[in-house]
Structure formats: C-alpha cells, structure tokens
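Here is the structure we will look at.
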Amino acid sequence: MLPVVSIVGRPNVGKSTIFNRLIGQRKAIVHDEYGVTRDRHYGESFWNGKDFNIIDTGGYLPDEMGVIIQGIREQVHIAIEQSDVILFVVDSVSGVNTLDKAVATILRQQEKPVIVVVNKSDNEERRLNATEFYELGFEDLFPISAISGTGTGELLDRTVKLLPETEEETESKDPKLAFIGRPNVGKSSLFNALLDDERAIVTDIAGTTRDSLNSMLQYKGQDYVLIDTAGLRKRAKVKENIEFYSTVRTDRAIRECDVAILILDTMRGFEDQDKRVLREAEKFNKGLVIVLNKWDLVPEKDTHTVKEFEEYIYESVPQFSYVPIITISALNKQRIHKVLDVAQQVIDERNKEISTPEFNDFLNTMLNERPLPMKRGQQLRITYATQVKSSPPVFKFFMNSPHDLPPNYRRFIENKIRQHYGFEGVPITMVFRQK
C-alpha cells in the first residue's frame, strides 16, 4: 500500500484546489459553493522519488447536524484513520475562526503528523499574516497559493519527509468495475456492502454522491477496482456547474472502466436516462451488466417475476438483449456477490479469443445457412474473416462490396456469433473491408 496524505479542513478553504494541484490534474470538483466536496476523493502524487495517495475530504463541520454534514464529519474521521500525514488547510484571507479551532481540537487528539497549510497566501502581506495560525498548536506551517502553486514545493518537501518508507509498486492491471445509474438507486449502498466499509456517504437524498470514488476489493483471489460514480441526471436538469462536472466525471468513469454496471431501482423502472447510459457504455465497447436493486421491495414475487422484468427491459432496448440482468438487495446484502461473479464472467467473455480457422469454419456454415443477397446485379461474397482484437472483441470481414452489405445481414451475423460463441454482456465490433 502507498502511504496516504489526507487533506482536511472547514469548507471553502481550497482543499480541492490543493488536491488538484498536488496530483497535477483536474479531478476533484472545484467550486465556491459551500460543501461541494462531500465524499473522500482519491488521487496519486509523486514527489522527490516517493509515490503516495492523497485523499480530498468533505469540509469538516463539527457543530452542524444535517444528514449531509454528519456524513462529511464521518468521512474526515475515516480519512484521519487511514492517513500517514494530514494536511490541515486554513484560509489566510479570513484568518483563524471557530471552525478552524474545532478541527484543530480533533486533530490534536490523534498522534499522526499534521501540517497546517495556509492557503490563499497570494502576496507577501498574507504570507506574513499566516503566522497567526501557529495558535492552532501545530509546529509545521506552510503558507501557499494553490491557484498559482506558490509554496507547494516546500510543502511537498516536508510532506514526503514525514511519510513512511514503502516498497515500490507496479501499475495496477486489475479490472475496473464502474457502478453507474440515476441518483438514489443504491449505487453507494452496493459499493459499501461489497467493501463492508463506509467509504461512500449513503443517505436517502438523491444526488448525495457527487464525486467518483475508487476502491480496491479482492474477491475469489482476484483484485478489482470499484468505481462509485455520481448519479447521472437528465442533461436538461443539469443546471449547476457542480452537477455538470459530476455528469462529466461519470461519463469519464464509463470510458475508463472495463465493465459498466448499471444499477436500477426495481420500483422505479427503466427510463430514458438508463438507456442513454447503456448506449454510452456500448459506444466505448465496455462490458455491460444490469442490476435490479431493491428486489426485496417487489411484492408477491413468484418464479416468473424475474423473467417478466427481463422481458420488460429487453423489449425496451432489444439491441441490448445480450446484457445479463441480475436481482439484488444492497441494503440486505442479498446476492450482492453475484454482481462480482457476473462481472467476472463478462470480463472473461470480453477477453475471449477465437482462432482464425475455427472462425472461418463458423463463417462458412453461417453463409450456407443464409446466403448473402445480390446487390446491383452482383452476388455479395465474404471470403475471409478473423478476430483482430480481444478485450473488447473486434472481427474483420473481407468481402467484395462492403458498402452494399445490408444492416439486417450485419445484425444476422452478430446474432449468429453470439449464439455460437456467447460474448454475454460484451459489445461486438465488426469491420467489413474490401477484399
């Protein structure tokens, strides 16, 4: 495990800007609205030969009792427990206030090293005034400007000196599973149930998760990266900048994952936004799984109920009839590990490779079953085919007039490939080239 540095402090002092500065990319949501960063957000940084993880936390509010505020408070405590070094961020413009003192009281009660980071020290006067923060009771204090980068080098020098030594790690090749879907369908509940942790804040308020979270999970000897994303909203309803960034991040998670797991609330049905997410994941050739959550709330279930739900979804999107559908209850932890089992099956299908001789034998059998049509007085012929790529699978066909191949015959080929070889949950790409 890499050492961990957590960034804590009251809201709107620039924690997310510092996080982005230290990891060298725009990953955390940066906005001047109170309490924008709600969940812990992870990133990786490198300085003076040392790799380390950074956690960006929600603003710490010790005296406010709202459900979101309580969740943020818990996030800070968990971040402190996981940290090797804590960056306590304060604001040089507003000076020391009661919230800073409350956070300092909590931090002084633990034994891990704390560095006071006096952000927004954009000029000489503010850097001089930063010394007032010594009254919080910590020895290490660094005035910086996260926006311009002033002072961050010295801060990082001190940070890495306080980190424990670790063995060098290699880049992870572990499969990435992204939990996607509309707000309040149970993505974070499933995420936490699988991790048996409280890494994501779970409440019954739609849209609680705004940032994406990555966590490692080992299951049946295989390591997975789980990505819990912000709930996607219809684009017409994305009015706030922060909601827009969350939507962009969810789209990015789809691009980066190996399997996109669409979570549906069984009681709310299958809507246009869910279909859009599936199309987006298919466009990027990701493995696909549909999970019907809150199955325990379905009344009067019998042996036909699951089949009825499957038919309802497949009739809504016939082109996705190859996507497996499973039922779970994240709250009761019913069949939650089935999600990982099916995701691994999809990964195996995505990695499947078919030899060229075998595939051409299949092709000849298929063509004999349903010969290619005539086009403009010419008999269409496919003379050769091969799988040119796996993960995701891509098949290339060589023929005499690829532009004349009708769409219904392309669908016929794909259906026959699926009937013969499976590829459950996996989009298939077919490329037709002139011989």
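Take the alpha carbon gyration tensor of the range 277-337, find the square roots of its eigenvalues, order them as a ≥ b ≥ c, and report rounded if a/c is under 1.5; if not, report prolate when a/b exceeds b/c, else oblate.
Oblate shape, in that a/c is at least 1.5 and b/c is the bigger or equal ratio.
Pick out, in residue order, every one of the GluC sites (Glu not before Pro) in the range 137-168 that is DSSP loop and has at most 16 other C-beta atoms within 10 Å; say none if there are none.
Counting only loop positions with at most 16 other Cβ atoms within 10 Å, the GluC sites (Glu not before Pro) in the range 137-168 are Glu139, Glu165, Glu167, Glu168.
Measure off, as a whole percent, the carbon and sulfur share of the 1.4 Å-probe accessible area of the range 265-327, all protein chains present.
So the carbon and sulfur contribution to the accessible surface is 49 percent.
Given a 1.4 Å probe, how much area per residue of the range 353-435 is accessible, in Å²?
54 Å²
Need the list of lysines near Lys389 for cross-linking: C-alpha distance under 16 angstrom, and skip anything on the same chain fewer than eight residues off.
Straight-distance partners of Lys389: Lys286, Lys352.
Using the heavy atoms of the protein chains alone and a 1.4 angstrom probe, what is the accessible area of the range 263-345 per residue in square angstrom?
48 Å²
Ignoring ligands, DNA and RNA, what percent of the 1.4 Å accessible area of the range 367-435 is carbon and sulfur?
Solvent-exposed carbon and sulfur of the range 367-435 make up 47 percent of the total.
Of Tyr42, Tyr409, which has the most accessible area and how do the rest follow, probe 1.4 Å?
Ranked list, largest accessible area first: Tyr42, Tyr409.
The values are calculated or read from the model by the stated rules, or taken from the named source; none is laboratory data. A quick note: this is a predicted structure, and the numbers were derived from the prediction, not measured. In this analysis, Cβ positions are derived from the backbone assuming ideal geometry, glycine residues included, and neighbour counts consider all displayed protein chains. Ligands, DNA and RNA are excluded from the accessible area calculation, which covers all protein heavy atoms including side chains. Shrake-Rupley method; radii C 1.70, N 1.55, O 1.52, S 1.80 Å.
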